[in-house]
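The values are calculated or read from the model by the stated rules, or taken from the named source; none is laboratory data. Please read these numbers as outputs of a predicted model, since none were measured by experiment. With ideal geometry, Cβ positions are generated from the backbone for all residues, glycine too; neighbour counts draw on all protein chains shown.
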Amino acid sequence: MQQQIEKRIATLSREWLSPTERETLEGARGFLQQSVRALQESDLQRASNLAHKADLLVQAVEQSQ
């Protein structure tokens, strides 16, 4: 899931985004980074929750395009 979100963020980063959309994407990156750390700490539930939050933010930007 994390790799798919990373790819979607990379794709959106190449698009023209409003300042609000860029801020939302940065929030998604932050949640994704926290998710990776949680996974490294073997906290699977937290990693999943954070990845889901990142996914929701990416979806919001995708839908605004």
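Going through Ala60, Ala51, Ala38 one at a time, which residue ends up being among the small types (Gly, Ala, Ser), in a helix (DSSP H, G or I) and under 9 Å from the mean Cα position of the chain (by Cα)?
Working: Ala60 fails: under 9 Å from the mean Cα position of the chain (by Cα); Ala38 fails: under 9 Å from the mean Cα position of the chain (by Cα).
Just one listed residue meets the conditions, Ala51.
How do the pairs read when you match residues in the stretch 45-65 that are on the phi < 0 side of the Ramachandran plot with residues anywhere that are part of a helix (DSSP H, G or I) and of a type in the set (Phe, Trp, Tyr), using Cβ under 8 Å and keeping only pairs 6 or more apart or on different chains?
Short answer, once both residue conditions are applied: Leu50/Phe31; Ala51/Phe31; Lys53/Phe31; Ala54/Phe31; Leu57/Phe31.
Being surrounded by 13 or more Cβ atoms within 10 Å (Cβ to Cβ), hydrophobic (A, V, I, L, M, F, W, C) and either over 18 Å from Gln4 (Cβ atoms) or out of contact with any Ser or Thr (no Cβ under 9 Å at 6 or more places or on another chain) (or both) is the filter here; which residues of the stretch 16-25 pass it?
The one that is surrounded by 13 or more Cβ atoms within 10 Å (Cβ to Cβ), hydrophobic (A, V, I, L, M, F, W, C) and either over 18 Å from Gln4 (Cβ atoms) or out of contact with any Ser or Thr (no Cβ under 9 Å at 6 or more places or on another chain) (or both): Leu17.
Suppose we filter the stretch 41-51 for residues that are surrounded by 14 or more Cβ atoms within 10 Å (Cβ to Cβ) and not hydroxyl-bearing (Ser, Thr, Tyr); how many remain?
Within the stretch 41-51, the first condition is being surrounded by 14 or more Cβ atoms within 10 Å (Cβ to Cβ), and the residues that meet it are 43, 46-51.
Of the ones still in play, those that are also not hydroxyl-bearing (Ser, Thr, Tyr) are 43, 46-47, 49-51.
Counting residues in the stretch 41-51 that are surrounded by 14 or more Cβ atoms within 10 Å (Cβ to Cβ) and not hydroxyl-bearing (Ser, Thr, Tyr) gives 6.
Of all residues in the stretch 26-55, how many are closer than 12 Å to Glu6 by Cα and among the acidic types (Asp, Glu)?
Here the count works out to 2.
Considering Glu62, Glu21, Glu15, which residue is modelled with pLDDT under 95 and either touching a strand residue (DSSP E or B) at 6+ places or on another chain (Cβ under 7 Å) or not basic (Lys, Arg) (or both)?
On the way: Glu62 fails: modelled with pLDDT under 95; Glu21 fails: modelled with pLDDT under 95.
None of the other options fit; the residue is Glu15.
For residues in the stretch 3-26 being in a helix (DSSP H, G or I) and in contact (Cβ under 8 Å) with a residue 40 or more places away in the chain, which is farthest from Ser64 (Cα to Cα)? Give the steps one after another, and end with the answer.
Step one: filter the stretch 3-26 for residues in a helix (DSSP H, G or I), giving 3-13, 19-26.
Subsequent filtering for residues that are in contact (Cβ under 8 Å) with a residue 40 or more places away in the chain retains 5, 8-9, 12, 21.
Working: Ile5: 17, Arg8: 14, Ile9: 14, Leu12: 11, Glu21: 8 Å.
Per the criteria, the residue is Ile5.
Report yes if Ser18 is out of contact with any helix residue (DSSP H, G or I) (no Cβ under 6 Å at 6 or more places or on another chain) and polar (S, T, N, Q), otherwise no.
On the way: out of contact with any helix residue (DSSP H, G or I) (no Cβ under 6 Å at 6 or more places or on another chain): yes; polar (S, T, N, Q): yes.
For Ser18, the condition - out of contact with any helix residue (DSSP H, G or I) (no Cβ under 6 Å at 6 or more places or on another chain) and polar (S, T, N, Q) - is met.
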